[in-house]
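> Okay, handing you the structure first.
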Amino acid sequence: MTADRPPLTLHGYPVSNYVNVVRAALIEKGLEYTLSVRGAAQDEAFLSLNPMGKIPVLETEEGALAETVAILEYLDDRYPARALRPTGAFAAARARQIVNLVQVYVEVPTRSLFPGVFMGGENSPPVVVAARATLDRASAALVRLARPAPFLLGEHMTNADLFAFYSLDISDRLGRFVWGRSMIAECGLEAWSAAMRDRSSTKVVLADFEADFARYLNDKGAIYRAPDDGRLAHA
Ligand SMILES: N[C@@H](CCC(=O)N[C@@H](CS)C(=O)NCC(=O)O)C(=O)O
């Protein structure tokens, strides 16, 4: 580390919901960081940072870390002043339960439809049906589990809020386009989502997302249009 360079470098680009979770956590924690804007890659240099070649990667004074949840936990352990995990074993486990639920049953099925919606490819009907079934089960689970007060684990915003917000945001955009259905509304999370959207960290992260997302969709020749523009839902 040099005197003028912060010890934390986040590799990734602002279209990635995973990168955005980590970036929002860095901002919420008041940590200085450098954003190294780049995509995923399979070259030796990048694989030496993340053996999966995916983004985000966080370079720290101690080495490079990948996998969003591992990065979030490291940041909280290493920089505990502004904790983003709830205190108490049960609340911490409940936060992790929400993160896992959202990652496996919201993010992953949503991502399975990225090729046909955001990337100029196609989604086969069985893939669309399977994604919808998992999303329906996840939204029913979130209705039971997530009772924001005002945040998912109560008074304080936590990593569960950040992870859920950036995953549900992209799932909601995709779901409104594909099925004309809002994941956020179906989970009863509109007020929570609006409160999250109003945070200064979110404003920074989403401003970069919106600009890059428009460029990304254009480059990919994607069929996706923001649902408010009057286009009908596509299956
Ligand atoms: N499990 C990883 C997922 C990260 C991920 O899928 N990142 C995407 C960008 S949003 C990526 O790198 N995709 C390129 C690839 O899969 O090669 C995490 O939690 O960080």
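> Ignoring ligands and nucleic acids, what accessible area does residue 61 show with a 1.4 Å probe (Å², nearest 10)?
100 Å²
> Hey, another quick one. Label region 62-134 by shape, choosing from rounded, prolate and oblate, from the square roots a ≥ b ≥ c of the eigenvalues of the Cα gyration tensor; if a/c is under 1.5 it is rounded, and otherwise prolate applies when a/b is larger than b/c, oblate when it is not.
The shape class here is oblate.
> A follow-up question, please. Taking a cut-off of 23 Å between Cα atoms, list the lysines near residue 54, but don't count ones fewer than 8 places away on the same chain.
Output for residue 54: 220.
> Cα gyration tensor of region 140-235, axes a ≥ b ≥ c as square roots of the eigenvalues: rounded (a/c below 1.5), prolate (a/b > b/c) or oblate?
Details: a/c = 2.66, a/b = 1.46, b/c = 1.83.
Oblate shape, in that a/c is at least 1.5 and b/c is the bigger or equal ratio.
> Rounded to a whole number, what % of the accessible area of the chain do carbon and sulfur atoms account for, probe 1.4 Å? Spell out each step's value before the answer.
Values: 6270 of 11370 Å².
Roughly 55 percent of what the probe reaches on the chain is carbon or sulfur.
> Could you give the nm distance between label points at residue 38 and residue 218, where each point is 7 Å from its Cα heading toward the beta carbon?
Output for this residue pair reads 2.5 nm.
> If you don't mind, another one. Which distance in nm do the two modelled labels at residue 156 and residue 91 give, with both placed 7 Å along the Cα-to-Cβ direction?
About 0.6 nm, to one decimal.
> Run the 1.4 Å probe and let me know the accessible area of residue 29, rounded to the nearest 10 Å².
Taking all protein chains as shown, residue 29 has close to 20 Å².
> Working with all protein chains in place, sort 136, 77 by solvent-accessible area computed with a 1.4 Å probe, largest first. Don't skip to the answer; put the middle values down first.
Working: 136 60, 77 105 Å².
Listed by decreasing accessible area, they come as 77, 136.
> A further question on this structure: Once the whole set of protein chains is in place, how much accessible area is left on residue 47, using a 1.4 Å probe, in Å² to the nearest 10?
40 Å²
> Would you mind checking the radius of gyration and Dmax of the chain based on alpha-carbon positions, in Å?
17.7, 54
> Calculate the length of the line joining the C-alpha centroid of region 107-181 to that of region 1-75, in whole Å.
23 Å
> Which lysines, on any chain, are close to residue 29 with Cα under 18 Å apart, when same-chain ones fewer than 8 places away are left out?
Cross-link targets: 203.
> Give the Rg (one decimal place) followed by the Dmax (whole number) of region 9-78, computed from C-alpha coordinates and expressed in Å.
11.0, 32
> Using θ = phi - 60° and the Karplus form 6.51 cos²θ - 1.76 cosθ + 1.60, what ³J(HN,Hα) does each residue of region 193-209 get, whole Hz, x for Gly and Pro?
4, 5, 5, 5, 4, 7, 6, 5, 4, 5, 4, 4, 5, 6, 4, 5, 4
> With a 1.4 Å probe and every protein chain left in place, work out the accessible area per residue of region 125-181 in Å², rounded to a whole number. Each step should come with its number before you reach the end.
Working: 2340 Å² over 57 residues.
Heavy-atom SASA per residue in region 125-181 reads 41 Å².
> What is the chain's relative contact order, in percent, from Cα pairs under 8 angstrom and six or more apart in sequence?
Worked out over the chain, it gives 21 percent.
The values are calculated or read from the model by the stated rules, or taken from the named source; none is laboratory data. These numbers were taken from a predicted model, which means no experiment stands behind them. Virtual Cβ from ideal backbone geometry, glycine too; neighbours counted across all protein chains shown. Please note that ligands, DNA and RNA were not included when accessible areas were found on the heavy atoms of the full protein model with its side chains. Shrake-Rupley method; radii C 1.70, N 1.55, O 1.52, S 1.80 Å.
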